[in-house]
Amino acid sequence: MIATMALLIGALTASQALAGEECTCRHKDGETALGQIACIRSPNGMTMARCERVLNNTSWTFLNQPCPTANLSLPTDNHTL
């Protein structure tokens, strides 16, 4: 009986671990895997967020960091081509 219970608990733990690997957080541009970071829209504009598990659900944790952007530097002189 105890061996059967141990086998059952081990099987449940293994199935939960496998199910966790397939979980994702959804956003406008697609899906992000657990532990990964994405730039998503928040009430404060575009911000970085990490996909995490809260209890048995995936959820975004906002990192309070702006999304990286590329800056284009224009020449400061008045020469024209």
What net charge is computed for the residues neighbouring Cys67, neighbours being all others with C-beta under 14 Å from the C-beta of Cys67, Lys and Arg scored +1, Asp and Glu -1? +2
Difference of contour (0.36 nm per residue) and Cα-Cα distance, Ser59 to Cys39: 5.8 nm
Considering only Cys25, Thr58, Gly45, whose Cα is most displaced toward the positive end of the charge dipole of segment 22-68, charges sitting on Cβ of Lys, Arg (+1) and Asp, Glu (-1)? Gly45
What is the magnitude of the charge dipole of segment 22-68 about its Cα centre, with +1 placed on the Cβ of each Lys and Arg, -1 on the Cβ of each Asp and Glu, and no other charges, expressed in debye to the nearest 20? 120 debye
Arranged by the count of other C-beta atoms within 10 angstrom, fewest first, what order do Glu22, Glu31 take? Glu22, Glu31
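Every number here is computed from the coordinates shown, using simple stated rules; none is lab data. Predicted model, so just to flag it, every value in this text is computed and none were measured. Counting neighbours? That spans all protein chains shown, and the Cβs are built from the backbone with ideal geometry, glycine included.
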